[in-house]
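Student: Before anything else, here's the structure in question.
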Amino acid sequence: MKPKLKTSIPGPRSLALAGQLREYESRNVTYCDESWPVFWERAEGTNIWDADGNRYLDFTSAFGVAGLGHRHPEIVAAMTEQSGLLLHGMGDVHPTALKGKLCARLSSLTFERWNGGKGKVVLSNSGFEAVETALKTARLATGKSGVMAFSNGYHGLGYGSLLGTDLDKFRGPFVDQLAEVTTRVPYGSFDLPEGGKIGAVLVEPIQGRGGKVVPPEGFLKSLRQWCDDNGALLIFDEIYSGFHRSGKWFACEWDEVVPDLICLGKALSSGFPISACVGKEDVMDQWPESPGEALHTSTFLGHPVGCAMALKSLDILARPETIEIVERASMNLKKALHDLHHDGLVEVRGRGLMVGLELEQNAGKLLAELLSEGLIFLADGPAGNVLSFTPPFVISEEEIEFAVGKVSRLLRG
Ligand SMILES: Cc1ncc(COP(=O)(O)O)c(C=O)c1O
């Protein structure tokens with residue numbers, strides 16, 4: 001449904017709530033000014049309602065999580081049912097049956113589907129934790145501490161994942177606390193360094209926050225070859241690009257390259273903080289058998305509600321009609337953006353429902369203008385100049401045309 005606005009944006013309640021946040025939340029967290037943010041209260045499908053009763057159209061899937069649409073009724077039912085039984089388990093001590101079921105399902109969706117044998121899994125909470133699990137796995141399996149990572153890569157903000165994340169605004173203040181083990185390579189380059197101490201090659205098969213960058217053909221294959229030649233593990237970070245976002249189950253399938261480890265999160269559960277690192281069996285078996293104390297775990301690992309929501313999400317994602325919906329929406333988005341030509345528009349790029357409009361300038365002002373028109377967008381890229389189109393899969397042709405029409409008008413100024 002097209003957006004419907006009752007008050008000016010942000011409305012009076014959102015402004016009051018922002019005032020409270022400014023008092024009690026660290027000032028670094030939520031950006032607040034007279035045009036931003038609005039406070040979300042309710043959502044359904046592609047629509048969000050804010051605290052002032054305004055309705056918006058979501059072109060972000062809320063950081064790529066709500067691919068299946070906000071508050072999908074079957075996922076809400078799975079969550080409610082599990083909450084009524086058990087709200088918290090003991091992940092690595094006395095787990096629930098759901099944990100093993102989810103690990104088996106993730107194996108069947110990844111390495112087994114790719115004919116790579118069985119996959120084994122470490123679950124975690126945030127995306128960055130899955131990346132850190134992968135880096136630890138590579139360290140144990142190869143005995144080498146070096147990491148190859150790429151320009152404008154984003155892998156999260158924990159100290160381990162910052163070894164991979166490039167964007168200087170995130171690393172800068174903490175760089176003196178990071179181990180100097182990263183070899184940085186331009187994303188898409190075929191000119192790769194000497195093997196040396198590098199045991200992990202950490203890469204997004206399509207860059208998300210780096211600006212919806214699809215690498216040149218053959219790039220992922222060349223990394224696979226390099227890893228095989230140099231005794232390193234290939235880690236695909238599909239936290240953003242996974243689960244049909246790029247038009248395939250996983251973005252690496254466009255290039256038919258199988259990694260040693262894959263990191264998953266975001267859309268895995270459609271709304272609960274749960275993530276996973278899945279690795280080839282022989283690689284994962286480089287972790288020692290637990291002697292009663294896991295080497296790597298956390299309080300909420302394998303959370304029963306998260307597992308129940310993830311299993312239901314994976315059921316829905318596997319339905320042929322879901323794949324058809326993604327294909328239709330991707331085609332509609334491509335068609336709508338095809339004829340967009342404006343001064344200041346550099347390039348339209350991406351795959352599936354992971355598309356970016358690179359602009360000459362930072363998109364901050366455009367985002368606020370779109371919000372005041374009832375459209376929720378985010379910008380990516382090192383200069384915040386890539387307007388991202390990552391809507392829920394259920395976005396309709398009419399909603400796409402409406403949003404692209406607004407973007408086009410605002411770009412014209
Ligand atoms: C590719 C990629 N990796 C890792 C992360 C980090 O995930 P989280 O914010 O859940 O820690 C993100 C988040 O945007 C991401 O896009």
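The values are calculated or read from the model by the stated rules, or taken from the named source; none is laboratory data. Note that the coordinates shown come from a computational prediction; the quantities given were computed from them, not determined experimentally. So basically every Cβ, Gly included, is an ideal-geometry build from the backbone, and we count neighbours across all protein chains shown.
Student: Here is a check on your reading of the model: is Ser124 within 16 Å of the ligand (Cβ to nearest atom) and either hydroxyl-bearing (Ser, Thr, Tyr) or within 21 Å of Ile316 (Cβ to Cβ) (or both)?
Tutor: yes
Student: Among (1) modelled with pLDDT of 95 or more; (2) farther than 21 Å from Pro259 by Cα, where does Val213 come up short?
Tutor: In the conditions (1) modelled with pLDDT of 95 or more; (2) farther than 21 Å from Pro259 by Cα, Val213 misses (2) alone.
Student: Pairs, please: C-beta under 8 Å, at least 6 apart or cross-chain, first residue farther than 13 Å from Glu369 by Cβ and in the stretch 394-413, second surrounded by fewer than 19 Cβ atoms within 10 Å (Cβ to Cβ) and at pLDDT below 95?
Tutor: Correct list of pairs: Glu398/Lys2; Glu399/Met1; Glu399/Lys2; Phe402/Lys2; Val404/Leu340.
Student: Let me ask something else about it. With the requirement that a residue be away from the ligand (no atom under 16 Å from the Cβ) and either in contact with a Cys (Cβ under 8 Å, 6 or more places away or on another chain) or within 25 Å of Asn115 (Cα to Cα) (or both), what does the stretch 262-297 give you?
Tutor: Of everything in the stretch 262-297, those that are away from the ligand (no atom under 16 Å from the Cβ) and either in contact with a Cys (Cβ under 8 Å, 6 or more places away or on another chain) or within 25 Å of Asn115 (Cα to Cα) (or both) turn out to be Gly279, Lys280, Glu281, Asp282, Val283, Met284, Asp285, Gln286, Trp287.
Student: Sticking with this structure for a sec: When only residues in the stretch 238-257 that are touching a helix residue (DSSP H, G or I) at 6+ places or on another chain (Cβ under 6 Å) and of a type in the set (Phe, Trp, Tyr) count, which is farthest from the ligand (Cβ to nearest atom)?
Tutor: My answer is Phe243.
Student: I've got another one for you. Quick check, is Ile400 touching an Asp or Glu at 6+ places or on another chain (Cβ under 8 Å) and within 18 Å of Gly45 (Cα to Cα)?
Tutor: no
Student: Restricting to the stretch 142-183, count the residues that are within 16 Å of the ligand (Cβ to nearest atom), of a type in the set (Gly, Ala, Ser) and touching a Gly at 6+ places or on another chain (Cβ under 9 Å).
Tutor: Total meeting the criteria: 6.
Student: A follow-up question, please. Residues that are at pLDDT below 95 and more than 16 Å from the ligand (Cβ to nearest atom): does the stretch 184-194 have at least one?
Tutor: no
Student: Where residues in the stretch 127-141 are hydrophobic (A, V, I, L, M, F, W, C) and closer than 19 Å to Tyr154 by Cβ, which of them is farthest from the ligand (Cβ to nearest atom)?
Tutor: Here the residue is Ala138.
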